[in-house]
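The values are calculated or read from the model by the stated rules, or taken from the named source; none is laboratory data. Since the model is a prediction, treat every value here as computed from it, not as a measurement. Neighbour counts run over all protein chains shown; Cβ positions are idealised from the backbone, glycine included. For the accessible areas, the whole protein counts, side chains as well, though only heavy atoms, and no ligand, DNA or RNA atoms are used. Shrake-Rupley method; radii C 1.70, N 1.55, O 1.52, S 1.80 Å.
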Amino acid sequence: RQVMDYCGALGLPVIDHCEDPTLKAGGVMREGPRSVRLGLRGIPAASESIAVARDIHVVELTGCRFHVAHLSTRESLRLVREAKQRGLPVTCEVTPHHFTLTDEDVYDTRFKMNPPLAAREDRDALITGLADGTVDAIATDHAPHAPALKEVEFDRAPFGVTGFETALGLALEL
């Protein structure tokens, strides 16, 4: 709240990569059937949506402009849509990898990113959000790593994916 109070007074937006670190707690991909099949610790979608809900509540208190960076879940999108309908100064962005891929596409560390790839229903909601204007921007969340850092066990690899090279092509394809 203090950050939003200060930023609101200065006319600056708060941009947040929304996640609850206690729910993320060592997860390496989105929690679901695919994480179970791969034997990897999952990150629940609620890790993002709980943080989005919290921040929107603080926007109601402060009036500060708020932007959700690289939104990835249908619940987070619903919260942003409702906040906009109530006239709150809330915006969001999605990435090309989150509106083209799902957790079912995860098969090596090149697909380990934060937020993690989500379920098909989440991806479809993001596409709808782009079409109906709920999503304000497409951003790359470009976070590449040297191949040697990614060529390790999944849980040891850093989060991150290249975005600049693929963003325009994927966005135009959609």
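Summary table below
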read-out	value
Residue check, Thr22 of a type in the set (S, T, N, Q) and more than 18 Å from Ile138 (Cβ to Cβ)	yes
The range 89-105, residues that are assigned to a loop (DSSP other than H, G, I, E, B), within 30 Å of Gly8 (Cα to Cα) and open to solvent by 10 Å² or more (accessible area, probe 1.4 Å)	Pro89
Residue count, the range 130-150 (criterion: modelled with pLDDT of 95 or more, exposed (fewer than 14 other Cβ atoms within 10 Å of the Cβ) and either among the hydrophobic types (A, V, I, L, M, F, W, C) or not in a helix (DSSP H, G or I) (or both))	3
Close pairs (8 angstrom Cβ cut-off, 6 or more residues apart or separate chains): farther than 15 Å from Val94 by Cβ in the range 139-151, outside any loop (DSSP other than H, G, I, E, B) anywhere	Lys150/Thr109; Lys150/Arg110; Glu151/Thr109
Unmet criterion (only one of (1) at positive phi; (2) in contact (Cβ under 8 Å) with a residue 12 or more places away in the chain; (3) over 19 Å from the mean Cα position of the chain (by Cα)) for Gly26	(3)
Tally of residues being farther than 22 Å from Ser47 by Cβ, open to solvent by 40 Å² or more (accessible area, probe 1.4 Å) and part of a helix (DSSP H, G or I) across the range 1-32	5
Residue list for the range 106-129, filter: surrounded by fewer than 18 Cβ atoms within 10 Å (Cβ to Cβ) and at pLDDT 95 or above	Arg120, Glu121, Asp124, Ile127, Thr128
